[in-house]
Amino acid sequence: PEAQRSPEVQQLLGKIPYLNGGIFERHQIEKQHGETIRIADRAFKRLFAFFDEYHWHLDDRPLRNDREINPDVLGYIFEKYINQKQMGAYYTKEDITEYISQNTILPFLFDEAQKKCRVAFEGEHSIWTLLVADPEHYIYPAVRKGAALPLPAEIAAGLDDVSQRSAWNSPTPPDHALPTEIWRETVERRRRYEAQRDKLAAGEVISINDLITYNLDIRQFAQDVIEGSEGPELIRAFWRALQRVTVLDPTCGSGAFLFAALNILQPLYEACLDRMAALVADLKPDDSPLKYKDFKELLAQVATHPNEDYFILKSIVVNNLYGVDIMPEAVEIAKLRLFLKLVAQVERDDRKPNMGVEPLPDIDFNIRAGNTLVGFATREEVQRALTTQRVAGDVHQAKMLVFDEDEETMRRIEEKAGDIDRLFVLFREMQSKHDMDSGEFAATKRALRQRLGEMEEELNRYLAREYSVDPANKAAFEMWLKSHQPFHWFVEFFGILQQGGFDVIIGNPPYVEYRLVRKTYILPPNLYKSELVANLYAFCMERSCMLIDSEGWFGMIVPTGVLGLDKASMLREVLLQTFGHNYCSTYAIRPSKLFEGVDQRLCIYMGESVVRLGKELRDICTTRHQMWSSGERPTLFEEMEYHSSFLYERLKRIPQIGTFQAEKIIEKLEIYNGKLINEYYSTESTGYLMHYHR
């Protein structure tokens, strides 16, 4: 803050605003080497001259040329950098992050709102009547394209007469068609559009999951529900859900999914605040002063910030977004991008204190560096480590023995973790105050770091022994810490996990074979059931199942092997035991691919936790294996169609089928030969070849 600057510093720097934010703290390298660091001024001159070759801006305007830089470009550059380091992480385009984020975050918010305001979801005046009143509003434009136009006579002739379909294989004219469509595809798309429209108009879509299954415009629906709410209770319910939702990317990289989540949440925050303001404005002079008291207080709080956009974005960044990544550089870039997004909302005003700039939030404890896969995630893992070490490695006996001393140690650890969480809550609350005391804030952060460090040190010692590393051997212990970078979820996010876990987990985990990282670190023994997959993406999915709330939503883009590989059978069981509703869409690599330059067939796997459903259920919805050209990419996710599949129990695999007809073909093949396809597979030579790919 300016008041704490010496005259020498003020003369050197001039008049600049105080920004706060952990990003401006001394770097670890500076703390380690201090005054011994010497960099000549000419190095900075060359660096600044290079930067000056570009035009820098903070907003989201489209880039006009290659000499412009915005925060999104920083993320892209970083992802390219880690690709070169062969980390198995790829730049995830916005259409992927948006699709996964909207179909996990929005269903969670609706489920939470329904618990608080059930009346809005039932009866003849429920929110679902929006779908009945204007069906086409919620069908994506790609599906509606050309549907209002009559079919040419030679095409219409084949609708009821298969022999009249010779013209169906010709290209569809642009006024009717999506890119590359032939008439056969256009007719099928029109049939799907009519089926969707009729279901909506008939009032058959009455759950948020239906909007995912039928691939409807869930973002538009969410916006319309809030904006059209006539009373306060539904607004309160959505606001509470928005305030509490915790969104985690366990391999966050430079923050692609965190930004997608922010972009999903921001308009909903805004819509809630707008409706609150409208309800308050409609109050009559004779209304009780207590009416909408909570809305009035919240709107007054918003008014203390530079503007509403800043308040909304700061609330999301501090309360809703969490990320972990093994690369400290990635974490720094993710935090920087979020800070720049916030700074872009503020206009300088020299008449106001601190030039009208509100100090940035500190999200060092939201977005962390560490190894998602190594470290204690749950109380049970800590308990197991204590007990196993006590009985000298006899794991079977360890499961049966719990000593009083172990219980006392666990009580002490949990008590310390609880203290840390209470301090973190205080730290977060301090940031919501417009007149935050910077000295008090810094002291709270130091205390939080110190307590976390002490707790991490103790848990690291317990974990090291699991690896047969003696913490008393300082050199070996330090080498193990550096290579494994343990991250103890149980302590770092104790409050969230105590309440059940993260509400939404999304991301794009690394696709790296385990054998390639074993030279650097190994995973804890007997922890992951998906070990046979031997790929980091599988361990990340399983870890997410340990961290997610029993009423949470999950979404990741991973290799398609998750659906069909023999070695992935245990991973599938873990996923299907965790998630009741499962949505699997798959994507080819020819003629086009989701990740340019990467020949990786991919699956977007989304799921809703079993407990929320209140029953034993394994509902699996799948799409056909998507194959598309680059020109079809803009409408790829709008065109998708899910089919509810019941083949898993027989195949023990999740087939990539998207229609009822495809499932019937598989059943007919089974009936005709009396065998399932997988029964033809043999590990011995049979004289017959079966071609397949991962």
Exercise. Determine the pairs where a residue that is of a type in the set (Asp, Glu), located within segment 159-176, has a partner that is surrounded by 12 or more Cβ atoms within 10 Å (Cβ to Cβ) and at pLDDT 95 or above with Cβ atoms under 8 Å apart, the partner being 6 or more residues away or on another chain.
Key: Asp175/Gly146
Quiz prompt | Exclusive hit being in contact with a strand residue (DSSP E or B) (Cβ under 9 Å, 6 or more places away or on another chain), surrounded by fewer than 22 Cβ atoms within 10 Å (Cβ to Cβ) and touching a residue at least 60 places away in the same chain (Cβ under 8 Å), set Arg240, Arg244, Arg236 | solution = Arg244
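What helices (runs of 4 or more DSSP H) completely inside segment 553-627 contain at least 1 residues that are in contact (Cβ under 8 Å) with a residue 12 or more places away in the chain and touching a Ser or Thr at 6+ places or on another chain (Cβ under 6 Å)? Walk me through it before giving the result.
On the way: elements: 561-564, 569-578, 610-613.
Helices (runs of 4 or more DSSP H) meeting the threshold: 569-578, 610-613.
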Quiz item: Only one residue in Lys296, Lys314, Lys341, Lys284 is on the phi < 0 side of the Ramachandran plot, of a type outside the set (Ser, Thr, Tyr) and out of contact with any helix residue (DSSP H, G or I) (no Cβ under 7 Å at 6 or more places or on another chain). Which one?
Solution: Lys284
Quiz item: So, of the residues in segment 441-482 that are under 28 Å from the mean Cα position of the chain (by Cα) and surrounded by fewer than 16 Cβ atoms within 10 Å (Cβ to Cβ), which turns out to be nearest to Met410 (Cα to Cα)?
Solution: Gly453
Exercise. Could you check how many residues of segment 289-325 are under 19 Å from Glu230 (Cα atoms) and of a type in the set (S, T, N, Q)?
Key: 0
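Mind listing just one residue for me: the one in segment 180-226 that is part of a loop (DSSP other than H, G, I, E, B) and among the aliphatic types (A, V, I, L, M) and, of those, surrounded by the fewest Cβ atoms within 10 Å (Cβ to Cβ)? Quick ask: steps written out before the conclusion?
First pass over segment 180-226, keeping only residues part of a loop (DSSP other than H, G, I, E, B): 180-181, 202-207, 214-217.
From what's left, among the aliphatic types (A, V, I, L, M): 202, 205-206, 216.
Details: Ala202: 11, Val205: 22, Ile206: 14, Leu216: 23.
The extreme case among them is Ala202.
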Practice problem: Would you point out which residue out of Pro141, Pro135, Pro152 is more than 22 Å from Met640 (Cα to Cα) and not assigned by the TED database to the domain that holds Ser630? | Solution: Pro152
Quiz item: Taking the stated definitions as given, is Ala133 exposed (fewer than 14 other Cβ atoms within 10 Å of the Cβ) and either β-branched (Val, Ile, Thr) or at pLDDT 95 or above (or both)?
Solution: yes
Practice problem: May I ask you to list the residues in segment 378-409 that are of a type outside the set (A, V, I, L, M), modelled with pLDDT under 90 and in a loop (DSSP other than H, G, I, E, B)? | Solution: Gly393, Asp394, Phe403
Quiz item: So which pairs qualify, if the first residue must be in segment 304-330 and farther than 19 Å from Ile496 by Cα, the second must be of a type in the set (D, E, K, R) and crowded, with 18+ Cβ neighbours inside 10 Å, the Cβ gap must be under 7 Å, and the two must be at least 6 apart or on different chains?
Solution: His305/Glu358; Pro306/Glu358; Tyr310/Glu358; Leu313/Lys341
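Taking the condition of being over 20 Å from Thr104 (Cβ atoms) and in contact with a helix residue (DSSP H, G or I) (Cβ under 8 Å, 6 or more places away or on another chain), how many residues in segment 485-509 meet it?
Taking segment 485-509 as the starting set, the residues that turn out to be over 20 Å from Thr104 (Cβ atoms) are 485-488, 490-492, 494-495, 498.
Applying the additional criterion that residues be in contact with a helix residue (DSSP H, G or I) (Cβ under 8 Å, 6 or more places away or on another chain) yields 486, 488, 490-492, 494-495, 498.
Residues flagged as over 20 Å from Thr104 (Cβ atoms) and in contact with a helix residue (DSSP H, G or I) (Cβ under 8 Å, 6 or more places away or on another chain) within segment 485-509 amount to 8.
Please pick out the residue among Ile155, Ile206 that is in contact (Cβ under 8 Å) with a residue 60 or more places away in the chain, in contact with a Phe, Trp or Tyr (Cβ under 6 Å, 6 or more places away or on another chain) and aliphatic (A, V, I, L, M). First the steps, then the outcome.
On the way: Ile155 fails: in contact (Cβ under 8 Å) with a residue 60 or more places away in the chain.
Being in contact (Cβ under 8 Å) with a residue 60 or more places away in the chain, in contact with a Phe, Trp or Tyr (Cβ under 6 Å, 6 or more places away or on another chain) and aliphatic (A, V, I, L, M) holds for just one of Ile155, Ile206, which is Ile206.
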Exercise. Return yes when Leu576 is surrounded by fewer than 24 Cβ atoms within 10 Å (Cβ to Cβ), over 24 Å from the mean Cα position of the chain (by Cα) and either farther than 23 Å from Glu466 by Cβ or among the basic types (Lys, Arg) (or both) and no when it is not.
Key: no
Quiz prompt | Scope segment 158-178; condition surrounded by fewer than 16 Cβ atoms within 10 Å (Cβ to Cβ) and assigned to a loop (DSSP other than H, G, I, E, B); matching residues | solution = Leu159, Asp160, Asp161, Ser170, Pro173, Pro174, Asp175
Practice problem: Pick out the one residue from Ser644, Ser609 that is surrounded by fewer than 15 Cβ atoms within 10 Å (Cβ to Cβ) and within 29 Å of Gly500 (Cβ to Cβ). | Solution: Ser644
Exercise. Determine if segment 453-471 includes at least one residue that is touching an Asp or Glu at 6+ places or on another chain (Cβ under 7 Å), part of a loop (DSSP other than H, G, I, E, B) and either of a type in the set (S, T, N, Q) or not assigned by the TED database to the domain that holds Ile264 (or both).
Key: no
Exercise. Please identify the pairs in which a residue from segment 218-232 that is over 16 Å from Ile139 (Cβ atoms) has its Cβ atom under 8 Å from the Cβ atom of a residue that is part of a loop (DSSP other than H, G, I, E, B) and aromatic (Phe, Trp, Tyr), counting only partners at least 6 apart or on another chain.
Key: Pro232/Tyr292
Quiz prompt | Contacts under 8 angstrom Cβ, first residue in segment 496-510 being more than 17 Å from Arg428 (Cα to Cα), partner of a type in the set (D, E, K, R) and crowded, with 24+ Cβ neighbours inside 10 Å, 6 or more apart | solution = Ile505/Asp249; Ile506/Asp249; Gly507/Asp249
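Residues that are among the acidic types (Asp, Glu), in the same structural domain as Pro328 (by the TED database) and within 30 Å of Arg368 (Cβ to Cβ): does segment 209-219 have at least one?
no
The values are calculated or read from the model by the stated rules, or taken from the named source; none is laboratory data. Keep in mind that what you see is a predicted model, and the values were worked out from it rather than measured. Every residue, glycine as well, gets a Cβ built from its backbone with ideal geometry; the counts of neighbours run over all protein chains shown.
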